[in-house]
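The values are calculated or read from the model by the stated rules, or taken from the named source; none is laboratory data. What you see is a predicted model; the values in this text were computed from it and never measured. Positions of Cβ are generated from backbone atoms using ideal geometry, with glycine treated the same way; all protein chains shown enter the neighbour counts.
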Amino acid sequence: MAEASRTSEARRDAVFGRWVVFSQARSRRPTDLKSHNPTANPSSGPGAGAPKPSCPFCAGRESECAPQIFRVPPDDALPWRIRVIENLYPALRRDVEPPPPDGGDGEEGPGERAVRGFGFHDVVIETPRHDVRLWDLGAEGVRDVLLAYAARVRQLREHPAVKYVQVEP
């Protein structure tokens, strides 16, 4: 397999027959953006919603992010409400050649089948504020986020090698 695909590949689980994605890039992603307390409420307390100095997803730090795919509103003269960007640490890679349309045979190893990890792994920034979660948005805000997801799914469906799209929060 080519060097680029070694960092991302899909392997068929020999026991269950499911496809599993392996990506070295995911292990390099920063962990300081994750919540260490799943019950913490980011919308309360001092500094709630304030830009985080190290967060590339905050408004005004767009140049620190991966390339933007699109934004809402599309006019760069207006502040963004939603951004869709490439993932700097993708599980699947858009820069490798897709597997053949029939799936190909991949590389056979002991009890496994592997194919290049071609695909798209984007990030949807649903709001520029850290203290707002999807369920905190009004009906119009939730609608806009869902429309952004739908727009990206439509874009991906137009790519001839994309066979499946999964949206995860």
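Considering each residue of region 53-87, count those that are more than 23 Å from Leu146 (Cα to Cα) and touching a residue at least 60 places away in the same chain (Cβ under 8 Å), and give that number.
Looking only at that region, the number is 1.
Return yes or no: is Pro74 modelled with pLDDT of 55 or more, closer than 24 Å to Val153 by Cα and under 18 Å from the mean Cα position of the chain (by Cα)?
Details: modelled with pLDDT of 55 or more: yes; closer than 24 Å to Val153 by Cα: yes; under 18 Å from the mean Cα position of the chain (by Cα): no.
Here the answer is no, as Pro74 does not meet what is asked.
Given the condition part of a loop (DSSP other than H, G, I, E, B) and in contact with a strand residue (DSSP E or B) (Cβ under 9 Å, 6 or more places away or on another chain), answer yes or no: does some residue in region 146-161 qualify?
Narrowing region 146-161 to residues part of a loop (DSSP other than H, G, I, E, B): 158-161.
Within this subset, residues satisfying the condition of being in contact with a strand residue (DSSP E or B) (Cβ under 9 Å, 6 or more places away or on another chain) are 161.
The answer is yes; a qualifying residue exists.
Give the residue, chosen from Phe57, Phe70, Phe118, that is of a type in the set (A, V, I, L, M, F, W, C) and more than 24 Å from Arg28 (Cβ to Cβ). If you could, list the steps in order and put the result at the bottom.
Values: Phe57 fails: more than 24 Å from Arg28 (Cβ to Cβ); Phe118 fails: more than 24 Å from Arg28 (Cβ to Cβ).
None of the other options fit; the residue is Phe70.
Restricting attention to region 134-145, which residues are part of a loop (DSSP other than H, G, I, E, B) and among the small types (Gly, Ala, Ser)?
If the condition is that a residue be part of a loop (DSSP other than H, G, I, E, B) and among the small types (Gly, Ala, Ser), then Gly138 is the only one that fits.
Condition test on Pro51, is it out of contact with any strand residue (DSSP E or B) (no Cβ under 7 Å at 6 or more places or on another chain) and at pLDDT 90 or above? Break it down stepwise before answering.
Working: out of contact with any strand residue (DSSP E or B) (no Cβ under 7 Å at 6 or more places or on another chain): yes; at pLDDT 90 or above: no.
Considered against the rule, which asks whether it is out of contact with any strand residue (DSSP E or B) (no Cβ under 7 Å at 6 or more places or on another chain) and at pLDDT 90 or above, Pro51 comes out as no.
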